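Just so it is clear, none of the values below were taken in a lab; they were calculated from the coordinates. Note that the structure is predicted; figures quoted are calculated from it, not measured. Cβ sites come from the backbone with ideal geometry, for glycine too, and all protein chains shown count toward neighbours.
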Amino acid sequence: MLHAPQNEFEPRMLSRRSPVLGRRGSIASSQPLASSAGLAALERGGSAADAAVAAAAVLAVTEPTSTGIGGDCFALYYDAATRQVSALNGSGRAPEGLTLERVVRDGFSKRLPALHAHTITVPGACAGWHDLLQRHGRRSLSDALQTAIQLAEEGFPVAPWTAHDWQIGAQNQLTQNRAGQELLVAGRAPRAGDIFRNPGLARSLRIVAENGPPGFYEGEIADAIVSTVRAHGGTLSMNDLAQHRSTWDEPISIAYRDVRVWECPPSGQGLVVLLALKLLADFDLAALDPLGAQRIHLQIEALRLAFADAFAYVADPAFSKVPIAQLLSDEYTRTRSRELSHVTANPRARAGTLPGGSDTVYLCAVDSEGNACSFINSNYQGFGTGLVPRGCGFSLQNRGAGFSLDPEHPNVLAPRKRPYHTIIPGMITRESDSSLFAPFGVMGGYMQPQGQLQVVTGLIDDGIDPQAVLERPRFCLLDGDPQGSVAIEPEISSPTRATLRARGHLIQERSGWERALFGRGQIIRRDSSGVLWGGSDPRADGCAVTF
């Protein structure tokens, strides 16, 4: 793992911040400039959707190490007037010419290499931004992009966590093509405090501002994307880009204690959160030490079973029926709960039998009316493939790495299909009256459902505020592997770690820069009097702001 020079920022113990309180609107993101842009949108009378897209666009400029217009997005939106939650799937699909036979012929029979052009699915973020604003916004996409365009043109100071991740991406990904130099400074990553300008991205965003999604999915940007992908062995075509559409889906949810937890449906992995919470619902977690061995053990074991089911069943529902109702049924939960040992680890967790048969940005916003947007945008593994369309100033995602190459698996690669997706926004409403409790999320690959689980239990079972729950030490089942090791932060005590090891868990301590493994969350809780409590993860560069 790379380390910063000793005279530069280095992450230490998690420091205690107070939650940010306000009434008229709030936004939390992983970059202060993005939070500022979202807040400005709220102050001008914009909705939570306007704030989310403005912040997401700024994040594409200031944190290209995690997100960008070359990636995908998902959103959950709470409408205060109707007290309904809607789900936007802004993810792209595999190219029409990318068949299983093609990738096998190219020498890939087990899995797609993470940085190969075959992992580039159609970037869905641009259409997703537009579609979110069309349904829930009050201002135009052009308005939402103006701050991002200005920052890309004039430059911005690179934040410490971002600079560290940029250095890794410069070494691992941005050397994939010559245009990767557009995201470097004299061949190197910018350092913390350096002013970085991205005229190519400014130009791309201006084209989108003037022309809407057709400015991205047709014309010169689309041509540059296709040329880059094909020059590196991929099959993406202009027609693949022109045919892209977001989808509005029915969100999935479960009741947990006295609230309802909402997730986007597959092809995302939000199902993992709901499955694990269902398994934990019969345990009195509030009576257990939140950082003690028994509670952490139960959470790990619930996640092992939930991940095993998700990896077996989650796929693009346009291609495979995902048995959501059966998986979330009380009957199935009772069956699975028998496999959850109270005292020993299950290193052989497998998917259940049904009756009858990893780098991202997350942000959330709440406006003055109580509408809320839970929004997530990602390139996947840092800069994604690291392939940069010439003159465009952004890298292309590698979401296709989430496909299986097993022809019998529901998530098998196929043309025009969406892969298993890790990015998941979350939303909580009160079960008694469907009022808003909180938009929330924890970014970071397979850490996301694990972080969400730990956040939900902290908010609901322990009743602590958003900032406190985000600063609480976390664990991570590595790569979501049901049979894998568990990483843990050093603030979790030695006796707890020893007890977990004695129960059969393979425990690894992670600290310093490796804390990024445990995700970076944002939460805005709305209490019954309308006061907004914002929290932002100390494992990132961002903040919650309000007015």
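Below, the figures for the structure above:
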| quantity | calculated |
| --- | --- |
| Hz values of 3J(HN,Hα) by residue in segment 328-338 - Karplus curve (6.51, -1.76, 1.60), Gly and Pro given as x | 9, 6, 4, 4, 5, 4, 4, 5, 5, 5, 5 |
| Selection from GLY137, ILE168, VAL85 lying farthest towards where the dipole of the chain points positive, charges on Cβ | ILE168 |
| Karplus (6.51, -1.76, 1.60) ³J(HN,Hα), θ = phi - 60°, over segment 402-407, in Hz, Gly and Pro reported as x | x, 6, 8, 9, 7, x |
| The chain - Rg over Rh from alpha carbon coordinates, Kirkwood radius | 0.94 |
| Estimated 222 nm signal from helices in the chain, with DSSP H stretches of n ≥ 4 weighted -39500 (n - 2.57), rounded to 500 | -9500 deg cm²/dmol |
| Inter-label distance, nm, simple model (7 Å from Cα along the C-beta direction), LYS321/ARG24 | 5.3 |
| From phi via Karplus (6.51, -1.76, 1.60), per-residue ³J(HN,Hα) for segment 213-218 in Hz, x at Gly/Pro | x, x, x, 9, 8, 9 |
| Which of GLN483, GLY97, THR360, positive extreme of dipole for the chain (C-beta unit charges) | GLN483 |
| Computed label-point distance, nm, for sites GLN134 and ARG230 using a 7 Å Cα→Cβ extension | 2.8 |
| Positive-pole candidate from PRO495, GLY219, GLY519, dipole of the chain, charges at beta carbon | PRO495 |
| Efficiency of FRET between GLU331 and ARG501 - r from beta-carbon atoms, R0 41 angstrom, step 0.05 | 0.75 |
| Segment 438-542, Cα convex hull volume normalised per residue, Å³ | 99 |
| Amide hydrogen neighbours beyond the local backbone of SER237, cut-off 5 Å, H modeled | GLU96 |
| Radius 10 Å from Cβ of LEU241, net charge of other residues (Lys, Arg +1; Asp, Glu -1) | -3 |
| Segment 46-125, Cα convex hull volume normalised per residue, Å³ | 120 |
| Under 5 Å, built H, 5+ apart or other chain: amide partners of SER91 | CYS73, THR247 |
| Histogram of C-alpha separations across segment 73-178, 10 Å bin width, % | 11, 24, 32, 24, 9, 0 |
| Cut-off under 5 Å, modelled amide H: who pairs with MET427 long-range | TRP262, PHE440 |
| Whole-percent pair-distance distribution, where bins are 10 Å wide, for the alpha carbons of segment 379-493 | 12, 30, 31, 22, 6, 0 |
